[in-house]
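Participant: Mind having a look at this structure? Questions to follow.
The values are calculated or read from the model by the stated rules, or taken from the named source; none is laboratory data. Remember, it's a predicted structure, so these values are computed and weren't measured experimentally. Neighbour counts are summed over all protein chains in view; Cβ atoms, including those assigned to glycine, are modelled from backbone coordinates with ideal geometry. Each accessible area value is taken on the protein alone, full model and side chains, heavy atoms only, with ligands, DNA and RNA left out. Shrake-Rupley method; radii C 1.70, N 1.55, O 1.52, S 1.80 Å.
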Amino acid sequence: MPLTIRPIQLSDNEPLATLIRKVFREFKIDKPGTVYTDPTTDALYELFQQPGSTYFVAEENGTILGGCGVYPTGGLPAGCAELVKFYLSAEARGKGIGNQLMQQSIAAARELGYKQLYLESFPELAKAVSMYEKAGFKPIPYALGNSGHYACNIWMLKDL
């Protein structure tokens, strides 16, 4: 089966939470103040039922390879959403799948009426940060909104 990018389903909760936490351990960023300990990581389907949000899953041959979404994080400026929970399995990296997920999420953010996208990351995820820069995200010197992910120390913003 070819690669499919589709909206999140309830049955994706457990495999996505497992994948996300595996990525955090791989990059040694499995610490408090991150998605690793965020309780919403175990209930992404429910989280993305919030109006103004969307989440996409990349799947191939029945295996979830990663996901990426857009969420109206509290405290963000009007017209701004957050690019969130963007993770890929090690096997899926370097094949353009992450870029497809990100571009679909950016397009969805525009369709939802957002004018800006914000994200938070870590230096340990340098390849992802480079991809964000190529997509037009610009570094900013401080966090926006109330994500609760106080351990993140890279913040970026993109005009849509």
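Participant: What's the number of the only condition in (1) open to solvent by 60 Å² or more (accessible area, probe 1.4 Å); (2) without any contact (Cβ under 8 Å) to a residue 40 or more places away in the chain; (3) assigned to a loop (DSSP other than H, G, I, E, B); (4) farther than 19 Å from ALA108 by Cβ that ARG25 fails to meet?
Facilitator: Just one mismatch for ARG25, condition (3).
Participant: Which one is nearest to the chain's Cα centre (by Cα), of the residues in the stretch 119-153 that are buried (at least 18 other Cβ atoms within 10 Å of the Cβ) and hydroxyl-bearing (Ser, Thr, Tyr)?
Facilitator: SER121
Participant: Show the residue pairs that are 6+ apart or on different chains and have beta-carbon atoms under 6 Å apart, the first residue being within the stretch 134-158 and free of Cβ contacts under 8 Å to residues at least 24 places away in the same chain, the second being open to solvent by 40 Å² or more (accessible area, probe 1.4 Å) and not in a loop (DSSP other than H, G, I, E, B).
Facilitator: Sorted first by the residue in the stretch 134-158, then by its partner, the pairs are ILE140/TRP155; ALA143/TRP155.
Participant: With the checklist (1) over 15 Å from the mean Cα position of the chain (by Cα); (2) in contact (Cβ under 8 Å) with a residue 60 or more places away in the chain in hand, flag the one item LEU65 doesn't pass.
Facilitator: Going through the list (1) over 15 Å from the mean Cα position of the chain (by Cα); (2) in contact (Cβ under 8 Å) with a residue 60 or more places away in the chain, LEU65 breaks only (1).
Participant: Being closer than 26 Å to ASN13 by Cβ, surrounded by fewer than 18 Cβ atoms within 10 Å (Cβ to Cβ), in contact (Cβ under 8 Å) with a residue 12 or more places away in the chain and more than 16 Å from the chain's Cα centre (by Cα), is that true of even one residue in the stretch 93-107?
Facilitator: No.
Participant: Only one of these conditions is not met by GLY33: (1) within 25 Å of LEU160 (Cβ to Cβ); (2) open to solvent by less than 20 Å² (accessible area, probe 1.4 Å). Which number is it?
Facilitator: Evaluating GLY33 over (1) within 25 Å of LEU160 (Cβ to Cβ); (2) open to solvent by less than 20 Å² (accessible area, probe 1.4 Å) leaves (1) as the failure.
Participant: Before we move on, is ARG110 of a type outside the set (Ser, Thr, Tyr) and either within 20 Å of LYS28 (Cα to Cα) or touching a Gly at 6+ places or on another chain (Cβ under 8 Å) (or both)?
Facilitator: Values: of a type outside the set (Ser, Thr, Tyr): yes; either within 20 Å of LYS28 (Cα to Cα) or touching a Gly at 6+ places or on another chain (Cβ under 8 Å) (or both): no.
In short, no.
Participant: If you take the residues of the stretch 78-92 that are open to solvent by 40 Å² or more (accessible area, probe 1.4 Å) and at pLDDT below 95, which of them is farthest from PHE122 (Cα to Cα)? Spell out how you get there, then give the answer.
Facilitator: Filtering the stretch 78-92 down to residues open to solvent by 40 Å² or more (accessible area, probe 1.4 Å) leaves 78, 90-91.
Checking the rest, the ones that are also at pLDDT below 95 come to 90-91.
Working: ALA90: 17, GLU91: 21 Å.
Here the answer is GLU91.
Participant: When you go through (1) modelled with pLDDT of 95 or more; (2) over 16 Å from THR4 (Cα atoms) one by one for GLN104, which number turns out not to apply?
Facilitator: (2)
Participant: Taking GLY62 and the conditions (1) at pLDDT below 95; (2) on the phi < 0 side of the Ramachandran plot; (3) surrounded by fewer than 15 Cβ atoms within 10 Å (Cβ to Cβ), which numbered condition does it fall short on, given that it satisfies the others?
Facilitator: (2)
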